[in-house]
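What follows draws every value from the coordinates through simple rules; no lab data is involved. These numbers come from a predicted model, not from an experiment. Heads up, the Cβs are rebuilt from the backbone with ideal geometry, glycines too, and the neighbour counts pull from every protein chain shown.
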Amino acid sequence: MDKMRAMELVLEAKSMKGLTFSEIAEAVDRHTVWTTSALLGQQQMSMTEADAVVDLLGLDMDVARALQAPADKGSLDGPVPTDPLIHRFHEIVQVYGTTLRSVIQEEFGDGLMSSTDFRIDVERIADPAGDRVRVILDGRFEPYRKW
């Protein structure tokens, strides 16, 4: 079984059981964003993590094996920027874009984060292992409307 099929089965079981990504992450003992990314095929789970998912969702070991397979990170289509910093942001969206969409829609409903009513901040965080960059994206949630 490939990661795409495993993702379909995981999302179907998640929906049938009425679970959130946060609840699955708690069972896996990982952060919600990382767990969601793994369930969407962008991360490789350990045997323990994959077993926790299939136990919680009532899925078989073929799904667990697929969750443990190496991830095809950044599997979204599109041109890749050549500037190194912009390339890394592109990579972040490639790897975590579907995860962020899924988590935002689960928390807020069907919609998106505004890029017009939007703030961004960059912070330097001192760290003995090397300073870290914190980028904060803050956009108003905009639900899709029906007409």
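For this structure, a couple of remarks:
- Of all residues in the range 1-21 being assigned to a helix (DSSP H, G or I) and free of Cβ contacts under 8 Å to residues at least 12 places away in the same chain, the one that is farthest from the chain's Cα centre (by Cα): M16
- Residue among I92, I125, I136, I120 that is in contact with a Leu (Cβ under 9 Å, 6 or more places away or on another chain) and among the aliphatic types (A, V, I, L, M): I120
- Residue that is nearest to the chain's Cα centre (by Cα), among those in the range 113-130 that are hydrophobic (A, V, I, L, M, F, W, C) and closer than 18 Å to Y144 by Cβ: M113
- Selection status of A69, exposed (fewer than 14 other Cβ atoms within 10 Å of the Cβ) and among the aliphatic types (A, V, I, L, M): no
- Search result, residues across the range 59-118 that are among the aromatic types (F, W, Y), farther than 22 Å from T20 by Cα and assigned to a helix (DSSP H, G or I): F89
- Note on the range 46-58: among residues that are in a helix (DSSP H, G or I) and touching a residue at least 40 places away in the same chain (Cβ under 8 Å), the one that is surrounded by the fewest Cβ atoms within 10 Å (Cβ to Cβ) is L57.
- Given (1) in contact (Cβ under 8 Å) with a residue 12 or more places away in the chain; (2) loosely packed, with under 15 Cβ neighbours inside 10 Å; (3) within 23 Å of E91 (Cα to Cα), number of the condition T36 does not satisfy: (2)
- A count restricted to the range 37-52 and to residues that are farther than 9 Å from Q68 by Cα and hydroxyl-bearing (S, T, Y) stands at 2.
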